[in-house]
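Heads up, the thing below is written out as structure tokens.
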Ligand code: SAH
């Protein structure tokens with residue numbers, strides 16, 4: 001068997017977009033991924049669904065896997081013929097033990113690549129508005145280990161030299177020894193007034209920064225209750241934060257927002273949350289696919305075979321449009337066979353999806369709920385006409401029932417099926433219970449039902465209670481009703497029942513919470 005190759009990849013400091021293009025490519029191709037908690041869990045969304053995921057970090061019932069075991073694991077996987085990504089927080093060569101991992105791979109004749117990452121030593125200060133160098137304030141910087149674990153001694157740090165070697169000093173793994181570090185620096189000649197910043201969980205929703213001086217920082221950190229992981233920055237550049245702080249100013253800063261909709265539909269919501277400074281956390285509990293029942297497939301095929309007969313084609317969602325076209329292709333039907341039909345599209349997104357395929361909707365109902373379609377059809381649709389309704393299997397019957405009541409012949413086809421999925425994300429229950437998720441978004445009733453079921457499947461005893469500890473945002477009244485029927489308290493509701501409306505409501509909810 002051919003040996004696999006091992007990619008030692010820097011994942012960046014936490015924000016999943018701070019991985020390199022090369023790192024992401026390796027991750028997408030990998031047969032196995034070995035990771036720990038400093039590498040953002042959302043990066044695993046890029047991993048192939050059939051790839052092996054091996055967590056080597058701390059678990060409630062197990063200590064972090066020993067470095068020697070990890071080294072051997074990488075060799076073993078590669079010898080099984082797998083291409084392996086070892087995902088490491090920040091940059092793999094900065095206190096990342098990449099030397100040991102690569103060393104053993106080499107000894108065993110396993111090929112490897114080291115793919116650099118953005119180190120927290122630079123990125124975390126940057127996200128707190130602190131540049132590690134500055135034309136006037138610091139022309140050099142050092143990155144120093146603080147040896148967080150108390151059993152290690154710092155024999156390798158020459159404090160007499162390190163203290164004044166560079167303008168800026170950046171300490172990683174230093175929180176537990178902050179008092180010792182400040183003491184040494186003062187002892188070897190830095191003024192007690194030297195500015196110091198401590199930035200916890202930089203680039204993530206939990207980012208928090210405090211500033212002080214070598215003389216005051218220990219008390220300030222204790223009072224603020226900041227915990228590892230954190231980066232300590234010492235030097236005049238720290239003052240820049242007063243004017244340059246930027247992430248904290250974004251409207252959704254500090255909010256980790258759970259996105260439950262199907263991955264294929266989630267991108268818009270995910271991008272908007274990200275742009276506004278929130279941290280989207282994807283946990284898709286539904287997926288859509290082509291219908292599987294032979295009966296439904298035959299119905300769809302016969303509906304497309306008689307494309308000429310329809311007076312109306314009514315599309316109620318972007319999914320509906322996507323799958324309508326997929327079937328058009330599958331059935332080998334030319335869109336011009338629908339020449340007689342007028343097209344109705346519910347909601348601007350549906351209309352845009354249609355327009356992108358060269359069909360301008362004749363009718364754009366004002367309201368975004370299917371019921372609004374009927375009001376706008378008044379006078380346009382006559383008894384005896386025929387309407388095709390391509391939709392998902394969970395569509396509500398309101399529209400077709402009322403069309404029929406008006407004497408319209410309706411042909412409903414379930415062009416796609418919605419099924420529940422449980423993402424393989426063992427973290428979510430713990431994160432929800434631990435307050436690490438701040439808002440849960442529901443964009444349909446099925447996301448509500450499925451999230452509750454998925455959490456139970458992941459071992460959570462009382463998901464309702466955990467969910468009621470965070471903000472619940474629903475896209476509209478129908479979804480909100482389902483949420484409330486399940487015992488959830490809806491705290492965020494938009495005025496307009498769209499993704500944009502939902503995002504605005506998230507921002508408004510945030511402002512309210514901050515008392516703005
Ligand atoms: N290879 C990593 C560093 C590993 S040592 C890198 O290049 O970033 C682990 C230390 O990195 C932590 O103790 C902490 O000091 C720092 N660190 C990593 N990610 C961090 C983050 N998001 N926020 C603050 N500190 C972080």
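Exactly one condition in (1) surrounded by 19 or more Cβ atoms within 10 Å (Cβ to Cβ); (2) without any contact (Cβ under 8 Å) to a residue 12 or more places away in the chain is false for residue 158; which is it?
Condition (1) is where residue 158 drops out.
Could you figure out which of (1) within 16 Å of the ligand (Cβ to nearest atom); (2) surrounded by fewer than 17 Cβ atoms within 10 Å (Cβ to Cβ) isn't true of residue 267?
(1)
Just to be sure before I move on: is residue 461 out of contact with any helix residue (DSSP H, G or I) (no Cβ under 9 Å at 6 or more places or on another chain), loosely packed, with under 15 Cβ neighbours inside 10 Å and either modelled with pLDDT of 90 or more or part of a helix (DSSP H, G or I) (or both) in the structure I sent?
Values: out of contact with any helix residue (DSSP H, G or I) (no Cβ under 9 Å at 6 or more places or on another chain): yes; loosely packed, with under 15 Cβ neighbours inside 10 Å: yes; either modelled with pLDDT of 90 or more or part of a helix (DSSP H, G or I) (or both): yes.
Judged against the criteria, residue 461 is a match.
Rundown of residues vs (1) surrounded by 21 or more Cβ atoms within 10 Å (Cβ to Cβ); (2) more than 16 Å from the chain's Cα centre (by Cα); (3) not assigned by TED's automatic domain parsing to the domain that holds residue 477, yes/no style:
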{"site": "388", "(1), (2), (3)": "yes, yes, yes"}
{"site": "401", "(1), (2), (3)": "no, yes, yes"}
{"site": "412", "(1), (2), (3)": "no, yes, yes"}
{"site": "437", "(1), (2), (3)": "yes, no, no"}
{"site": "442", "(1), (2), (3)": "yes, no, no"}
{"site": "447", "(1), (2), (3)": "yes, yes, no"}
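Out of curiosity, is residue 320 more than 13 Å from the chain's Cα centre (by Cα) and either in a helix (DSSP H, G or I) or modelled with pLDDT of 95 or more (or both)? Write out each step before concluding.
Numbers: more than 13 Å from the chain's Cα centre (by Cα): yes; either in a helix (DSSP H, G or I) or modelled with pLDDT of 95 or more (or both): yes.
Yes: the conditions hold for residue 320.
Looking only at region 128-144, which residues are over 18 Å from residue 211 (Cα atoms) and surrounded by fewer than 16 Cβ atoms within 10 Å (Cβ to Cβ)?
Result: 135, 136, 139, 140.
Please find, within region 188-211, the residue that is surrounded by the most Cβ atoms within 10 Å (Cβ to Cβ) out of those that are touching a residue at least 40 places away in the same chain (Cβ under 8 Å) and more than 16 Å from the ligand (Cβ to nearest atom). Working first, answer last.
Here is the first cut: in region 188-211, the residues touching a residue at least 40 places away in the same chain (Cβ under 8 Å) are 190, 194-197, 199, 201-207, 209.
Now drop any that are not more than 16 Å from the ligand (Cβ to nearest atom), which leaves 190, 194-195.
Numbers: 190: 19, 194: 19, 195: 22.
Residue satisfying both the conditions and the ranking: 195.
Would you please name the residue that is surrounded by the most Cβ atoms within 10 Å (Cβ to Cβ), looking only at residues in region 212-224 that are more than 22 Å from residue 434 (Cβ to Cβ) and in contact with a helix residue (DSSP H, G or I) (Cβ under 7 Å, 6 or more places away or on another chain)?
Checked region 212-224; the qualifying residue surrounded by the most Cβ atoms within 10 Å (Cβ to Cβ) is 217.
Kindly list the number of the only condition in (1) touching a helix residue (DSSP H, G or I) at 6+ places or on another chain (Cβ under 6 Å); (2) closer than 28 Å to residue 397 by Cβ; (3) not assigned by TED's automatic domain parsing to the domain that holds residue 391 that fails for residue 416.
(3)
Check residue 70 against each of (1) more than 16 Å from residue 116 (Cα to Cα); (2) over 25 Å from the mean Cα position of the chain (by Cα); (3) surrounded by 23 or more Cβ atoms within 10 Å (Cβ to Cβ) and name the one condition it does not meet.
Condition not satisfied by residue 70: (3).
Need the failing condition index for residue 228 against (1) outside the structural domain of residue 318 (by TED's automatic domain parsing); (2) in a helix (DSSP H, G or I); (3) touching a residue at least 60 places away in the same chain (Cβ under 8 Å), just the number.
Going through the list (1) outside the structural domain of residue 318 (by TED's automatic domain parsing); (2) in a helix (DSSP H, G or I); (3) touching a residue at least 60 places away in the same chain (Cβ under 8 Å), residue 228 breaks only (2).
Give all pairs with beta carbons closer than 6 Å in which a residue from region 496-516 that is in contact (Cβ under 8 Å) with a residue 24 or more places away in the chain meets a residue that is part of a helix (DSSP H, G or I); count only pairs at least 6 apart in sequence or on separate chains.
Pairs that qualify, where the first residue is in contact (Cβ under 8 Å) with a residue 24 or more places away in the chain and the partner is part of a helix (DSSP H, G or I), are 499/268; 499/269; 503/272.
Could you say which residue among 429, 383 is under 30 Å from residue 206 (Cα atoms) and either outside the structural domain of residue 272 (by TED's automatic domain parsing) or buried (at least 18 other Cβ atoms within 10 Å of the Cβ) (or both)?
Checking each option against the conditions leaves just 429.
Of 185, 153, 214, 169, which residue is within 15 Å of the ligand (Cβ to nearest atom) and either in the same structural domain as residue 231 (by TED's automatic domain parsing) or modelled with pLDDT of 95 or more (or both)?
Numbers: 185 fails: within 15 Å of the ligand (Cβ to nearest atom); 153 fails: within 15 Å of the ligand (Cβ to nearest atom); 214 fails: within 15 Å of the ligand (Cβ to nearest atom).
After applying the criteria, what remains is 169.
The values are calculated or read from the model by the stated rules, or taken from the named source; none is laboratory data. This structure is a prediction, so every number in the text was calculated from the model and none was measured. Cβ sites come from the backbone with ideal geometry, for glycine too, and all protein chains shown count toward neighbours.
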